[in-house]
Amino acid sequence: MDCDRELVAAAALGDHAAFDALVRRHTPMMFRVALRITGTSAEAEDVVQDAWLCAWRALPSFRQESAVSTWLYRVVTNGALRVVRRQRPTVPLDEATGPVTRSTPERQVVDAERIDAVLRAIARLDVAQRVPLVLRELEGLSYEEVAEILEVGVPALRSRLHRARVALLRQLRERP
C-alpha cells in the first residue's frame with residue numbers, strides 16, 4: 001500500500017502504519033514550505049507537527065477531491081501563516097540555504113551569496129506575496145495547485161505572483 005489515497009483511507013480507519021507512511025513521505029516537503037514561510041527551523045518544526053495533528057484529526061472528513069499533497073500543502077501553509085501573523089511582518093531565512101555544488105570553491109561562494117540574497121529578499125516580502133511565490137517558484141507547484149491551496153482563483157494568483165516578482169526584483173536591485 002503506497003498510493004497516497006490508499007494510505008489516507010487506511011489511516012482514516014485508524015491504521016497507524018499507513019499514517020506513519022504518509023508522515024515519512026510528506027514531512028520533508030511540509031518542512032521546506034514551513035521553513036520558507038516562517039524563516040526558522042524551530043518554528044517550521046512546530047508548524048509541521050501541528051499540521052500533522054490537524055491532518056490526523058481531519059482524515060475521516062477528507063473527501064479526496066484534491067490530491068493528498070495539495071491538501072497537506074494547504075494545511076502546512078495555513079499553519080505557517082498563523083505563526084507569521086503572530087510575529088513581526090518579516091522574518092530572516094538564514095537557515096533556508098542549502099548546499100551549493102559547483103565546480104570551483106569561488107563559484108560556490110558566489111552562488112551561495114546569490115541564493116542567500118534571493119532568500120533574504122523573499123523573506124522581506126509581505127506574507128501575501130511570499131507564500132504564493134514560495135509555493136510556485138520554490139516548491140514548483142502548478143498555478144492550479146497553488147490557487148487551490150490558497151483558495152483563490154488562478155487569475156488572482158497570477159496577479160499576486162506578478163506583484164511578488166516585481167517586489168522581489170525591486171529588493172534585489174536595491175541590494176548593496
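Figure legend. Inter-residue proximity from segment 7-22: first residues in contact (Cβ under 8 Å) with a residue 24 or more places away in the chain, second residues in a helix (DSSP H, G or I) and of a type in the set (Lys, Arg), beta-carbon distance below 9 Å, spacing 6+ or different chains. Indicated pairs: LEU7/ARG25.
Within segment 18-34, is there a residue that is over 25 Å from GLU137 (Cα atoms) and open to solvent by 70 Å² or more (accessible area, probe 1.4 Å)? Yes: one or more hits. The number of residues in segment 54-85 being open to solvent by 30 Å² or more (accessible area, probe 1.4 Å), farther than 21 Å from HIS16 by Cβ and not aliphatic (A, V, I, L, M) comes to 6. The residues on offer are VAL47, VAL109, VAL100, VAL91, and the sole one that is modelled with pLDDT of 90 or more, of a type outside the set (S, T, N, Q) and either open to solvent by less than 50 Å² (accessible area, probe 1.4 Å) or over 30 Å from CYS3 (Cβ atoms) (or both) is VAL47.
The values are calculated or read from the model by the stated rules, or taken from the named source; none is laboratory data. The shown structure was predicted, so the numbers you read here are calculated from the model rather than taken from an experiment. Positions of Cβ are backbone-derived with ideal geometry, glycine not excepted, and every protein chain shown enters the neighbour counts. Side chains included, ligands, DNA and RNA excluded: accessible areas come from the protein's heavy atoms. Shrake-Rupley method; radii C 1.70, N 1.55, O 1.52, S 1.80 Å.
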